[in-house]
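Here's the structure we're looking at; comments come further down.
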Amino acid sequence: MYQFQYFRPKSLDEARKLYENNGDAKFLAGGQTLIPTLKQRLAQPTALIDLGGIAMSGIKVAGGVVTIGAGTKHFDVATSADVKGTIPALAHLAGHIGDPAVRHMGTLGGSIANNDPAADYPAAALGLGATIKTTSRSINADDFFTGMFETALEEGEIVTEVSFPVPEKAAYMKFPNPASRYAMVGVFVAKTKTGVRVAVTGAASSVFRESAMEAALAKSFTPDAVAGIKVSPANMNGDLHGTAEYRAHLVTVMAKRAVAAAIA
Amino acid sequence: MTAPVIGASIRRKEDHRFITGQGRYTDDINRHGQTHAYFVRSPHAHAKLRGVDTSAARAAKGVVGVLTGADLAADKLGGLICGWMITSKDGTPMKAGAHPALAVDTVRYVGDHIAIVIAETYGQAKDAAELVKVEYEELPPVVDPAKAQSDATQVHAEAPRNTIYQWEIGNKPETEAAFAKAAQIVKLDLTNNRLIPNAMEPRACVGEYDDATSGYTLYVTSQNPHVARLVMSAFIGIAPEHKLRVVAPDVGGGFGSKIFIYAEEVVCTWASKKVRRPVKWTAERSESFLSDAHGRDHVTHAELALDADAKMLGLRVKTIANLGAYMSTFSSSVPTYLYGTLLSGQYDLSAIYAEVDAVYTNTAPVDAYRGAGRPEATYVIERIVEEAARQLKLDPVAFRRKNFVRKFPHQTPVIMNYDAGDYDASLDAALKLADYAGFPARKAAAKAQGKLRGLGFSTYIEACGLAPSAAVGSLGAGVGLWESAEVRVTPTGGVEVFTGAHSHGQGHETTFAQVVAGRLGIPMENVEIIHGDTNSVQFGMGTYGSRAAVGLTAVSRALDKIEAKAKKIAAHVLEASAADIVFENGEFKVAGTDRKLAFHEVALNAYVAHKFPTSEIEPGLKESVFHDPTNFTFPAGTHICEVEIDPDTGVTTIVSFTAVDDFGNVINPMIVEGQVQGGIAQGIGQALLEHGVYDKDSGQLITGSYMDYTMPRADDLPSYKLGFTVTPCPSNPLGMKGCGEAGAIASPAAVMNAVTDALGVKEFNMPATPSRVWAAIHRTRAAAE
Ligand SMILES: Cc1cc2nc3c(=O)[nH]c(=O)nc-3n(C[C@H](O)[C@H](O)[C@H](O)COP(=O)(O)OP(=O)(O)OC[C@H]3O[C@@H](n4cnc5c(N)ncnc54)[C@H](O)[C@@H]3O)c2cc1C
């Protein structure tokens, strides 16, 4: 990697100031995406501002909402009794991110801020209709994920916590890419107070909601309701690991399996 | 008396240091005044070098030196060589292009070496490397071996149509006659996918020049340090052999990829004299993907002729082998003498004719990778045999049995003379372990669940320990393939064994010690196995091709000599006639008396030399042997794979994998099982997961990291059902055969026969990834609808 300056601020204020005063600075959370990028010399920030020194992790359950600090590690979400007791689908999802080393380092905030098209957490955030709290505002998941590796976050804005409304039923089905084990297709289905939500990750340039499936599941929350819904391959990713047609097909298969798991 | 050591599953002596982090790998070696190297590599698959400007890099902070192909040429260093001359069927020698360690005027694959940047720290070398200005004139690349011979791109001017050689083997007229009278001909097109080795330890080296002795030392990740020294001395011309010491310390996996002599180690050794400092280089994983020699990459058409009674009459094979952009050290031998010679499989086939065209492409060099040629041969013969059984509507077991070789020795039409074997025995044992009889019921049960089940066989044979040297020499090999052993007994009865068989995962430090301890009746702790340093071991050919049995035989023969001399000494000490001395349980006894000497007592006597006439018997106890085997060894056996495919996702699950191997007598069953397990993991990796892919237009390596190259992981693999049958090998005293590669050789065909059985398709190429399996189901269903 190239040389950079390293800071470990104690507060969000300090972090924002460092960001403003240090040219091309980058926030560092678990480093599971950023460090490999630096090692491959694909980025050359002048400074890394490590968010690890700021108290930003932890899990709270109150008023039908699970609120998770942005600095909370995947492992802690996967093994939290509170998460397992309220949204087991979310604990399951976190428990299937990467490998144990990644889960002990990677964070919720880093994952959603990065918005990798094949990441798992964006599916949960969008599928559950989460609210993303930042240093300056609250953003609905529907408005947060704006494109491939792109979010509504502005320069220097830091995700501080994510609130997930507790659904009636939910499940996440991931079809891992055989090589990377990121999601080739991951489908998060949730039956919530405000309706059924189906979020798909891995298949396209960014996580998206599958409205035809949501409508069908609103009528009947059963695997059969989605089994016949064919997703168009038009906007799907195609690569060495799967054609667009294959990914489109997997969306239906994973959705069906997710609904089956949610009602099981 | 203690239990026998030979044949016992004794824990590996080397594991203590490995699992406690005390292994000493090349990257652990740091020399006084050491510098660090980084290589400037081509980002293009094919380009002319219009200029390499190193001035800015040389001026950068910490930089000690920057050297290019022009500097190498100025020092008149030779290029890298391919050590096996193949002759084409028209009698012309193979057409090899030059292979400079640093490119001179052209780069030919992504990752090709252009310059070495040497600095005080690795970071500084890497920073400065970005300042080397290279002007490229991009040329269109060719990457597909099937198109290489018709492509306008010319990788080397020396090889028109990118064709290195057009080789043949077998009896052509007999084969044509067999096809002319065949009742049925089965045809099959196959590709053998390119693999990227991925040893856990990346390649590394430290080159060091010592002005006081004007000698060099190279520490390197090598499977055969003596061959590296020979090549670097005799062909590349860095230093005479006696001024070049090569040390291969602990090596973290090779699988063939560390047999070869690579540009980096040559350049670091040479550069250490230029900069008068030790020069260290360790590959990053991305560099390993780009620049380690890859494996396999064949395109094949095969035809099998059968008579009306399902007896095999003849086999015809046409293969294009991709050797990449340059010919690596042993590349030419892999798709020829290690491939064509195994095409008879376990079958009594009197007519075989195979043609192999080796081609250049703008991809990383391809050379031996676990199995080297033999997996490719087994894949061809076992896939087409299974396909033939299907077309003839015969049970694949019955069809194989009808054609097995049963009389030994058996001369095939493709050089090999099989010395011993019992193919029915391993097949019978495997059928039981795999519960073949229960398969139809399991298939029906799977079908009821909407799943597709398939079962596939691979009744394989392979050949280990290339031999004898004169024979391999007559086929074009530049080296002999004997092995050396020197056994030194210390005055207090300890035993040091110096072997040329380098150990990098095979467990030689244990198995060789077992043979010595078992033979001399001394504890294993008293035996030290020394390998991997040209200063301690006089010469050796290294470890590859499952040839440790050659090294073990050398040790065993050296022990014969030790015993013979020790008996003479014991006779003098015990005042008996040498003919009356018997050696049992570590003791030299005068037959029929209670007079005896322990092994260590004889050793001491050998060195104090008080009690025997030194005019007749030299003091000391040390013997050496260069053992040249009389034949290959021929491991064989049966692998059976049972898969279940989820038609909704295309995911293939191996529900059962059985392997019954005949490795002759086994010295350490636990180590052998480990070798089989690892080999099968690699074979399953090839069949289901791994694929080295280059972009056909740009020549970029698409699978250049673990994001896209699917290494097998523990949860991709089942628990195996393993068994052994034994027909001792007649060509060595211990009756052993090689075991290191059989798993990787036999298993891909078994897996793919199972996959094609489940899918009900004929032609389907590796790897059977979910998307490709799904597409195949989709096609067959669409065709059926
Ligand atoms: C081997 C491996 C396997 C993986 N497998 C998976 C997988 O299966 N599924 C999956 O979803 N992910 C996977 N990941 C990625 C992992 O989940 C990472 O944790 C995640 O991508 C980034 O989180 P991080 O905390 O490591 O962030 P970092 O890498 O530290 O940062 C990532 C980006 O987010 C920014 N950032 C970090 N925190 C904040 C914040 N609070 N506010 C604003 N910006 C912020 C950083 O500036 C940076 O740009 C894998 C990673 C590895 C190395």
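The values are calculated or read from the model by the stated rules, or taken from the named source; none is laboratory data. Just so you know, these numbers come straight off a predicted model, no measurement behind them. Note: ideal-geometry Cβ built from the backbone for every residue, glycine included; neighbour counts use all protein chains shown. Side chains included, ligands, DNA and RNA excluded: accessible areas come from the protein's heavy atoms. Shrake-Rupley method; radii C 1.70, N 1.55, O 1.52, S 1.80 Å.
Could you check, for region B:717-734, whether at least one of its residues is within 26 Å of the chain's Cα centre (by Cα), open to solvent by 10 Å² or more (accessible area, probe 1.4 Å) and within 14 Å of chain A (Cβ to nearest Cβ)? Full working, then the answer.
Just the residues of region B:717-734 that are within 26 Å of the chain's Cα centre (by Cα), to begin with: B:717-734.
Those still in the list that are open to solvent by 10 Å² or more (accessible area, probe 1.4 Å) too: B:717-728, B:730-734.
Narrowing the set further to residues that are within 14 Å of chain A (Cβ to nearest Cβ) leaves B:717.
Yes, the conditions are met somewhere in region B:717-734.
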Item to check | Any hit, region B:748-763, residues being hydroxyl-bearing (Ser, Thr, Tyr) and either assigned to a helix (DSSP H, G or I) or within 14 Å of chain A (Cβ to nearest Cβ) (or both) | outcome: yes
Checklist outcome for this item: When (1) in contact with a Gly (Cβ under 7 Å, 6 or more places away or on another chain); (2) open to solvent by less than 10 Å² (accessible area, probe 1.4 Å) are applied to residue B:333, the one that fails is (1)
Next on the checklist: It is to be established whether one or more residues within region A:247-255 are open to solvent by 30 Å² or more (accessible area, probe 1.4 Å) and within 12 Å of another protein chain (Cβ to nearest Cβ).
Outcome noted: yes
Checklist entry - Pairs under 8 Å by beta carbon, first residue part of a loop (DSSP other than H, G, I, E, B) in region A:196-218, partner at pLDDT below 95, six or more apart or different chains? => result A:204/A:235; A:205/A:235
Item to check | Selected residue (criterion: farthest from the other protein chains (Cβ to nearest Cβ)) from residues of region A:111-144 that are in contact with a Phe, Trp or Tyr (Cβ under 8 Å, 6 or more places away or on another chain) and more than 11 Å from the ligand (Cβ to nearest atom) | outcome: A:130
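Out of everything in region B:350-367 that is in contact with a Pro (Cβ under 7 Å, 6 or more places away or on another chain) and among the aliphatic types (A, V, I, L, M), what residue ends up being surrounded by the fewest Cβ atoms within 10 Å (Cβ to Cβ)? Break it down stepwise before answering.
Just the residues of region B:350-367 that are in contact with a Pro (Cβ under 7 Å, 6 or more places away or on another chain), to begin with: B:350-352, B:356, B:358-359, B:361-362.
Now restrict to residues that are among the aliphatic types (A, V, I, L, M): B:351-352, B:356, B:358-359.
Working: B:351: 21, B:352: 27, B:356: 25, B:358: 30, B:359: 26.
It comes out as B:351.
How do the strands (runs of 3 or more DSSP E) wholly within region B:183-301 filter down when requiring 2 or more residues that are at pLDDT 95 or above, more than 30 Å from residue B:749 (Cα to Cα) and of a type in the set (Phe, Trp, Tyr): which remain?
Values: elements: B:184-192, B:204-210, B:215-220, B:244-247, B:279-282.
Passing ranges, in order: B:215-220.
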Next on the checklist: Tell me yes or no: at least one residue of region B:131-142 is within 14 Å of chain A (Cβ to nearest Cβ), within 29 Å of residue B:55 (Cβ to Cβ) and open to solvent by 60 Å² or more (accessible area, probe 1.4 Å).
Outcome noted: yes
Checklist outcome for this item: Expected output for region A:29-47 (first residue within 14 Å of chain B (Cβ to nearest Cβ), partner open to solvent by 20 Å² or more (accessible area, probe 1.4 Å), Cβ below 6 Å, 6+ apart or cross-chain) is A:32/A:102; A:32/A:105; A:33/A:114; A:37/A:43; A:38/A:1; A:39/A:1; A:44/A:2
Checklist entry - Could you list, in sequence order, the residues of region B:576-595 that are open to solvent by less than 50 Å² (accessible area, probe 1.4 Å) and part of a loop (DSSP other than H, G, I, E, B)? => result B:576, B:586
Checklist entry - For residue A:154, which of the numbered conditions (1) near the ligand (Cβ under 8 Å from one of its atoms); (2) farther than 22 Å from residue A:247 by Cα; (3) surrounded by fewer than 24 Cβ atoms within 10 Å (Cβ to Cβ) fails to hold? => result (1)
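Can you confirm whether residue B:566 is modelled with pLDDT of 95 or more, within 39 Å of the chain's Cα centre (by Cα), farther than 30 Å from residue B:339 by Cα and in a helix (DSSP H, G or I)?
Working: modelled with pLDDT of 95 or more: yes; within 39 Å of the chain's Cα centre (by Cα): yes; farther than 30 Å from residue B:339 by Cα: yes; in a helix (DSSP H, G or I): yes.
Yes, satisfied.
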Next on the checklist: For a quick check of your reading: which helices (runs of 4 or more DSSP H) sit entirely within region B:1-91 and have at least 2 residues that are assigned by TED's automatic domain parsing to the domain that holds residue B:324, open to solvent by 30 Å² or more (accessible area, probe 1.4 Å) and touching a residue at least 12 places away in the same chain (Cβ under 8 Å)?
Outcome noted: none
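Only one residue in B:357, B:309 is in a loop (DSSP other than H, G, I, E, B) and among the charged types (D, E, K, R). Which one? Lay out the reasoning, then the answer.
Details: B:357 fails: in a loop (DSSP other than H, G, I, E, B).
Selected residue: B:309, the only one of B:357, B:309 that is in a loop (DSSP other than H, G, I, E, B) and among the charged types (D, E, K, R).
Looking only at region A:89-110, count how many residues are within 11 Å of the ligand (Cβ to nearest atom), of a type in the set (A, V, I, L, M) and free of Cβ contacts under 8 Å to residues at least 60 places away in the same chain.
Within region A:89-110, the subset within 11 Å of the ligand (Cβ to nearest atom) is A:93-110.
Retained after the next criterion (residues that are of a type in the set (A, V, I, L, M)): A:93-94, A:97, A:101-102, A:105, A:108.
When the remaining residues are screened for being free of Cβ contacts under 8 Å to residues at least 60 places away in the same chain, the result is A:94, A:97, A:101, A:108.
Qualifying residue count, region A:89-110: 4.
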Next on the checklist: Looking at the structure I just gave you, is residue B:667 within 14 Å of chain A (Cβ to nearest Cβ) and in contact with a helix residue (DSSP H, G or I) (Cβ under 9 Å, 6 or more places away or on another chain)?
Outcome noted: no
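To keep it simple, each residue is scored yes or no on (1) of a type outside the set (Phe, Trp, Tyr); (2) farther than 30 Å from residue B:111 by Cα; (3) assigned to a loop (DSSP other than H, G, I, E, B).
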site: B:704; (1), (2), (3): yes, no, yes
site: B:709; (1), (2), (3): no, no, yes
site: B:727; (1), (2), (3): yes, yes, yes
site: B:730; (1), (2), (3): yes, yes, yes
site: B:739; (1), (2), (3): yes, yes, yes
site: B:744; (1), (2), (3): yes, no, no
Checklist entry - Consider residue B:339 against the criteria (1) open to solvent by 10 Å² or more (accessible area, probe 1.4 Å); (2) closer than 25 Å to residue B:96 by Cα; (3) touching a helix residue (DSSP H, G or I) at 6+ places or on another chain (Cβ under 9 Å); (4) not charged (D, E, K, R): it satisfies all of them except one. Which criterion is unmet? => result (1)
Item to check | Out of B:207, B:215, sole residue that is in contact with a His (Cβ under 9 Å, 6 or more places away or on another chain) and not hydrophobic (A, V, I, L, M, F, W, C) | outcome: B:215
Checklist entry - Which members of region B:59-81 meet the condition of being at positive phi and among the basic types (Lys, Arg)? => result B:76
Checklist outcome for this item: In region A:62-88, anything hydrophobic (A, V, I, L, M, F, W, C), in a loop (DSSP other than H, G, I, E, B) and within 16 Å of the ligand (Cβ to nearest atom) is listed as A:70
Next on the checklist: Considering only residues that are at positive phi and more than 9 Å from the ligand (Cβ to nearest atom), which ones fall in region A:7-44?
Outcome noted: A:23, A:41
Checklist entry - residue A:48 is checked against (1) crowded, with 18+ Cβ neighbours inside 10 Å; (2) closer than 26 Å to residue A:128 by Cα and fails just one. What number does that condition carry? => result (2)
Checklist entry - Can you spot a residue in region A:189-203 that is at pLDDT 95 or above and within 14 Å of chain B (Cβ to nearest Cβ)? => result yes
Item to check | Checking residue B:252 against (1) within 25 Å of the chain's Cα centre (by Cα); (2) among the small types (Gly, Ala, Ser); (3) open to solvent by 10 Å² or more (accessible area, probe 1.4 Å); (4) over 30 Å from residue B:377 (Cα atoms), the condition it does not meet | outcome: (4)
Next on the checklist: So for region A:221-236 (the condition being away from chain B (no Cβ under 12 Å), of a type outside the set (Lys, Arg) and in contact (Cβ under 8 Å) with a residue 40 or more places away in the chain), does at least one residue qualify?
Outcome noted: yes
Checklist entry - Mind checking which pairs have a first residue in region B:193-204 that is farther than 14 Å from residue B:365 by Cα and a second that is of a type in the set (Asp, Glu) and surrounded by fewer than 21 Cβ atoms within 10 Å (Cβ to Cβ), Cβ under 9 Å, 6 or more apart or different chains? => result B:201/B:27; B:201/B:250; B:202/B:27; B:202/B:284; B:202/B:287; B:203/B:287; B:204/B:27
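Applying the selection to region A:197-230, what residues are of a type in the set (Val, Ile, Thr) and surrounded by fewer than 24 Cβ atoms within 10 Å (Cβ to Cβ)?
Taking region A:197-230 first, the residues of a type in the set (Val, Ile, Thr) are A:198, A:200-201, A:207, A:222, A:226, A:229.
Selection gives A:222, A:229.
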